[in-house]
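Just below is one structure, and these are the notes that go with it.
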Amino acid sequence: MNFRAVAFALVALFSSTAAHADGFLKVEGTQIVDGSGKPVILRGMGLGGWMLQEGYMLKLGEVGQQHKIRAKLVELVGEERTATFYRAWLDNHTTRADIDQMAKWGFNSVRLPIHFDQLTLPADKEPNAGEDTWHEEGFQRIDRLLEWSKANRIWLILDLHAAPGGQGNDLAISDRDPARPSLWQSEENQRKTVALWSKLAARYKDEPWIGAYDLINEPNWSFATPGKGNGCDETGNKAIWELQRRITKAIRAVDRKHVVIVEGNCWGNNYKGLPPAWDANMALSFHKYWNRNDAASIAEIRALRTSYDRPIWLGESGENSNGWYRDAIALVEGDGIGWNFWPLKKIGFNQPLEIVAGDGWMKIVAWMTGKGPKPGADEAFAAMMQLAANTRFDRNIPKPDVIDAMFRQPHDASYRPFVARTLGAKPLEIAAADYDFGPPGVAYHDSVDANYHVATGGERTPWNNGTTWRNDGVDIAREADGTPYVSDFVTGEFMRYSANVAKAGRWSVSARVRSAKGGRIGIDEHGVAVPAGTAWQVVRLADVDLPAGPGAATLRALDCGDCEVAGLIFTPR
């Protein structure tokens, strides 16, 4: 099954959901409105990994910060080749094609996570202390992104994701080096941060398709214990509010038009000590990961919206299952709150676009993480450049299931065929992994369908144990040749398969299955035995009568501890 074909076939369905209007976004009471005064629900993705790499996006785990990744690459191939790789990465990762497709899917905004080093030197590397060297190339990259956004009538939100010195003890998100003063420990880092925002505001003050300035991403700093803690227990957060006020003042000296977005401590969620609103065109951001999608999960930020009389925006969320995405978006949109998920692409299966790592890059990963030998320089450089090329949109794997979960399912809980298929006069085999689009309990049921570890206090929970192909709770693995199949199909779970029935009739339904221990599956509550064995075998399940038109069959695990399914076979009788 070609995911790219499926994804693009959905364009017509989803593109009508985006609302675009001319004019600067602005704050009116607790709403963000467009130039005509119409309330806007922002629906967006963050371009994580482009200007700022995080180790997990590259399968590098604890090798988290970009500067550590870069240093290891220099160790492999030298400084010159590493610089060549990073230039290719920046050139390929995000292009006009990405933004064009975002608009077609239905997104009306995009959040750009900026690493300050793309735009200016670190404070301790400035040739003249207290002065700022500006990198015009970095600003021009933003200019081009803005051109692509304007062409697609998508608002571009600028996000300072890695501030000078780094803004927290979650090191990878801001590429922080704990051996150097953080943003909060250095007045010079704070001065440079203010100067950077002043420079950005002066450059983009007249651009209506710049949606907002997101001042500091996810501050996470415990002031009582510098270098430890993420600020969740802080009660005053005075330094965080003072710096964002300074930034706002500098922006307003050159730009009176754009919305400024403030973030609290504790990854954007601790608003204790927030002083009275210091700007009329100001919104508050919150971030939401791995908790429940119920009213209680947003009750505190909703109450702040009312008491503070400013809009709230879900500025970052994601890294979960389709079912979680669907529920989170339904929750916030139902309360008039816009959202921005994370990220658009990475090496992985649970975002709109997947970057193919390549075997060579995975050898580098094995070496960096202490699990394999050091590759040779030429081999490593070839793998690095292959990865950089694979970040391009035309080499990414689109994930139509993720897009369906974000745009259709929050408003339509029905199931839809994964691909258009027709039952007719010839046998039809449906791959087991190609079950219907739809939310948990409708298109499928799995014993684990999301990660709620923040709410439960437990370990991170994988929902698709194979972490491949699709992002639902259904567990999917791959054969040696890469063919996906359903694994870990256990008692109580089901998957639904839809097709158009060309003519009323009877079909014999069989399944290609295996189970080392044996089990029982069926398309009804009776089912048939699956003999124990490690080889795939075809098991006849039942005969079914189907009327002409849309039809569906549901495969159930009735008594399985380790059943696996490769496909369903419909044979006309």
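The values are calculated or read from the model by the stated rules, or taken from the named source; none is laboratory data. Here the structure is a predicted model, which is why all the values come from computation and not from measurement. For neighbour counting, all protein chains shown are included, and Cβ atoms are generated from backbone atoms with ideal geometry for every residue, glycine included.
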Under 25 Å from Asp401 (Cβ atoms), touching a residue at least 24 places away in the same chain (Cβ under 8 Å) and outside any strand (DSSP E or B): does that describe Gly567? no
Among the numbered criteria (1) outside any helix (DSSP H, G or I); (2) out of contact with any strand residue (DSSP E or B) (no Cβ under 8 Å at 6 or more places or on another chain); (3) among the aromatic types (Phe, Trp, Tyr), which single criterion is violated by Trp361? (1)
Please state which one of Ala499, Ala450, Ala433 is part of a strand (DSSP E or B), outside the structural domain of Phe107 (by TED's automatic domain parsing), touching a residue at least 40 places away in the same chain (Cβ under 8 Å) and among the aliphatic types (A, V, I, L, M). Ala499
I'm checking my understanding of the structure. Among residues of the range 185-214 that are part of a helix (DSSP H, G or I) and polar (S, T, N, Q), which one is surrounded by the fewest Cβ atoms within 10 Å (Cβ to Cβ)? Gln185
May I ask you to say which residue of Arg478, Arg470, Arg460, Arg556 is crowded, with 19+ Cβ neighbours inside 10 Å, within 37 Å of the chain's Cα centre (by Cα), in contact (Cβ under 8 Å) with a residue 12 or more places away in the chain and under 30 Å from Lys346 (Cα atoms)? Arg470
I want to confirm something. Restricting to the range 376-400 and keeping residues that are among the polar types (S, T, N, Q) and assigned to a helix (DSSP H, G or I), which single residue is nearest to the chain's Cα centre (by Cα)? Asn390
Just the residues that are of a type in the set (A, V, I, L, M) and within 11 Å of the chain's Cα centre (by Cα), please, taken from the range 304-346. Leu344
So which helices (runs of 4 or more DSSP H) stay within the range 215-328 end to end and still have 2 or more residues that are within 30 Å of His445 (Cβ to Cβ)? 295-308
Kindly evaluate Arg514 against the criterion of being surrounded by 14 or more Cβ atoms within 10 Å (Cβ to Cβ) and free of Cβ contacts under 8 Å to residues at least 60 places away in the same chain. yes
Could you tell me whether any residue of the range 155-162 is among the aromatic types (Phe, Trp, Tyr), in a strand (DSSP E or B) and either touching a Ser or Thr at 6+ places or on another chain (Cβ under 6 Å) or under 29 Å from Pro39 (Cβ atoms) (or both)? yes
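Yes/no matrix, rows are residues, columns are (1) crowded, with 23+ Cβ neighbours inside 10 Å; (2) touching a His at 6+ places or on another chain (Cβ under 8 Å); (3) in contact (Cβ under 8 Å) with a residue 24 or more places away in the chain:
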{"position": "Val356", "(1), (2), (3)": "no, no, yes"}
{"position": "Lys363", "(1), (2), (3)": "no, no, no"}
{"position": "Ala366", "(1), (2), (3)": "no, no, no"}
{"position": "Glu379", "(1), (2), (3)": "no, no, no"}
{"position": "Ala382", "(1), (2), (3)": "no, no, no"}
{"position": "Met385", "(1), (2), (3)": "no, no, yes"}
{"position": "Ile397", "(1), (2), (3)": "no, no, yes"}
{"position": "Ile403", "(1), (2), (3)": "yes, no, yes"}
{"position": "Met406", "(1), (2), (3)": "yes, no, yes"}
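A quick yes/no check of all residues on (1) touching a residue at least 60 places away in the same chain (Cβ under 8 Å); (2) in contact with an Asp or Glu (Cβ under 6 Å, 6 or more places away or on another chain):
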position	(1), (2)
Arg180	no, no
Val194	no, no
Ala201	no, yes
Tyr213	no, no
Thr225	no, no
Gly229	yes, no
Cys232	no, no
Within the range 83-122, considering residues that are without any contact (Cβ under 8 Å) to a residue 24 or more places away in the chain and not charged (D, E, K, R), the one farthest from Ile355 (Cα to Cα): Leu121
Go through the residues of the range 135-155 one by one and say whether even a single one is in contact (Cβ under 8 Å) with a residue 24 or more places away in the chain, closer than 18 Å to Ala239 by Cβ and out of contact with any Cys (no Cβ under 9 Å at 6 or more places or on another chain). no
Within the bounds of the range 531-553, is there any residue that is touching a Pro at 6+ places or on another chain (Cβ under 9 Å), free of Cβ contacts under 8 Å to residues at least 24 places away in the same chain and of a type in the set (Gly, Ala, Ser)? no
Those residues that are within 22 Å of Asp34 (Cα to Cα) and without any contact (Cβ under 8 Å) to a residue 60 or more places away in the chain, I need them from the range 313-339; list them, please. Leu314, Val332, Gly334, Asp335
Which of the residues belonging to the range 126-140 are in contact with an Asp or Glu (Cβ under 9 Å, 6 or more places away or on another chain) and in a helix (DSSP H, G or I)? Gly138
Does the range 127-148 include one or more residues that are over 24 Å from Leu42 (Cα atoms), among the acidic types (Asp, Glu) and outside the structural domain of Val33 (by TED's automatic domain parsing)? no
Of the residues in the range 401-416, those that are in a helix (DSSP H, G or I) and out of contact with any Phe, Trp or Tyr (no Cβ under 8 Å at 6 or more places or on another chain) number 0
Identify the residue in the range 169-184 that is of a type outside the set (D, E, K, R) and assigned to a loop (DSSP other than H, G, I, E, B) and, among all such residues, is farthest from Lys238 (Cα to Cα). Ala179
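Condition check ((1) modelled with pLDDT of 95 or more; (2) within 26 Å of the chain's Cα centre (by Cα); (3) within 18 Å of Ala283 (Cβ to Cβ)) across all residues:
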{"site": "Ser186", "(1), (2), (3)": "yes, no, no"}
{"site": "Tyr213", "(1), (2), (3)": "yes, yes, yes"}
{"site": "Ser222", "(1), (2), (3)": "yes, no, no"}
{"site": "Cys232", "(1), (2), (3)": "yes, yes, no"}
{"site": "Ile240", "(1), (2), (3)": "yes, no, yes"}
Here are some conditions: (1) surrounded by fewer than 23 Cβ atoms within 10 Å (Cβ to Cβ); (2) in a helix (DSSP H, G or I). Gly370 meets all but one. Which one does it not meet? (2)
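Here's the yes/no breakdown for (1) over 19 Å from the mean Cα position of the chain (by Cα); (2) not assigned by TED's automatic domain parsing to the domain that holds Lys346:
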| residue | (1), (2) |
| --- | --- |
| Gly29 | yes, no |
| Gly35 | yes, no |
| Lys38 | yes, no |
| Ile41 | no, no |
| Met45 | no, no |
| Lys59 | no, yes |
| Ile69 | yes, yes |
Would it be correct to say that Ile41 is β-branched (Val, Ile, Thr), at pLDDT 95 or above and in a loop (DSSP other than H, G, I, E, B)? yes
